[in-house]
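Down below is the structure, laid out as structure tokens.
The values are calculated or read from the model by the stated rules, or taken from the named source; none is laboratory data. What you see is a predicted model, and the numbers here were worked out from it, not measured in a lab. Positions of Cβ are generated from backbone atoms using ideal geometry, with glycine treated the same way; all protein chains shown enter the neighbour counts. The accessibility values were calculated without ligands, DNA or RNA, using every heavy atom of the protein model including side chains. Shrake-Rupley method; radii C 1.70, N 1.55, O 1.52, S 1.80 Å.
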Amino acid sequence: MSYYGARNRLTKLMLDKVENDNFLSQIDHTQWYIIPDLDQLSSIKHLFVHLDKDTETKNFLDNCYAKSEHFFTQLMHSFVLSFLQYFMAITSINGLLQRGSMFVFSQEQFKTLIDFQSESKLDNLLDLGAGDGQVTSKMAPFFQNVYTTEMSTTMRWRLQQKDFRVVDVNEWDKIRISAEEESFLKFDAISCLNLLDRCDKPLSLLKQMKDALKPNGLLIVALVLPFKPYVEYNPDNRPSEDLLNTWLRDTCIKKEPSSTMNKVNKQISHLIENVFEPIGFELAKFTRLPYLCEGNLAQSYFYLIDYVFVFKNKP
């Protein structure tokens with residue numbers, strides 16, 4: 001590429017970022033936290049918890065803008081990413097470069113969602129697919145012991161740097177209480193944040209989580225809706241199990257969501273009534289939040305809409 005060609009490309013990148021960030025600045029953040037047509041979910045409407053952009057959320061966004069202004073750092077990351085993507089998964093590259101950290105909820109928002117009111121911590125948390133541990137750190141203060149899993153080698157390294165115990169992705173439900181005992185550890189809470197649409201067998205995973213939870217233990221699930229599964233480590237990027245075509249309710253008649261519901265509310269209704277409830281999970285609370293990610297040369301941050309559900313493990 002010629003000098004002038006490179007200069008023109010950099011100029012375009014800078015102008016595009018200004019335009020994209022200008023678009024981000026005009027977003028009404030209050031809309032992130034509102035479920036459109038909530039009345040359609042009449043049977044669970046009373047369990048909805050309305051949150052808002054608190055100080056921790058604002059600080060994350062401010063930090064995204066600040067990091068994106070480090071132009072040459074972002075440029076270096078872009079070059080390294082374009083080279084390493086031929087040898088490594090994007091998740092692992094992000095872990096290596098310490099870029100692309102996520103934000104789902106603040107510590108206070110999580111405290112509200114799990115209705116934490118005790119003066120003493122709960123015993124055990126398992127965070128499945130914990131990434132670099134940034135979101136785990138929001139949950140960790142409420143538990144004595146924090147266990148994590150992660151497919152990416154570099155992300156496991158980042159988790160260990162934060163002093164989280166990393167367990168094998170195939171052995172997390174087989175942690176022995178002690179060397180002398182044969183029984184396995186049970187968890188007070190398991191978090192499965194933006195993982196069900198990224199794993200190969202989400203239905204099998206849900207059943208495993210039920211067995212690994214204590215009676216009345218909490219399952220915290222975050223899903224980007226509409227539901228669009230994508231499995232990074234599968235050649236065709238498709239899961240073996242499709243939650244939207246799963247019917248576990250013990251009846252010969254499929255319980256279809258109302259045709260008058262919007263697409264997202266239909267999926268919420270289906271997943272709760274035909275997947276989670278038949279497995280043995282009872283919805284305790286749910287909310288809608290922005291799923292935030294640090295940006296790059298193109299814009300300061302990226303976001304999707306997360307629906308976060310807190311279930312109790314029915315004995």
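What the table shows:
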item: Residues whose placed amide H lies under 5 Å from that of Ala189, excluding near-sequence neighbours; result: Asn124, Leu126, Leu218
item: Burial order of peptide ranges 281-290, 106-115 (average beta-carbon count within 10 Å, highest first); result: 281-290, 106-115
item: Order by protection proxy (mean Cβ within 10 Å, highest first), peptides 191-200, 297-306; result: 191-200, 297-306
item: Order by protection proxy (mean Cβ within 10 Å, highest first), peptides 222-234, 151-163, 19-31, 127-139; result: 127-139, 151-163, 222-234, 19-31
item: Modelled label reach - Ser204, point 7 Å along Cα→Cβ, the range 120-148 residues with backbone N closer than 11 Å; result: none
item: By accessible area with a 1.4 Å probe, ligands and nucleic acids excluded, highest first: order of Val49, Val104; result: Val49, Val104
item: Under Karplus coefficients 6.51, -1.76 and 1.60, residue-wise ³J(HN,Hα) of the range 185-194 in Hz, glycine/proline x; result: 5, 10, 9, 6, 8, 10, 9, 9, 9, 6
item: In order through the range 103-120: 3J(HN,Hα) via Karplus (6.51 cos²θ - 1.76 cosθ + 1.60), integer Hz, x for Gly, Pro; result: 9, 10, 8, 7, 4, 5, 5, 5, 4, 5, 5, 8, 6, 7, 10, 7, 7, 10
item: Cα Rg, Dmax, the range 183-315, angstrom units; result: 15.8, 53
item: Amide proton proximity set for Val224, modelled H, under 5 Å, gap of 5+; result: Tyr307
item: Karplus-derived HN-Hα couplings along the range 164-177 (A = 6.51, B = -1.76, C = 1.60, θ = phi - 60°), whole Hz, x at Gly and Pro; result: 8, 6, 9, 10, 5, 5, 9, 10, 5, 9, 10, 7, 6, 4
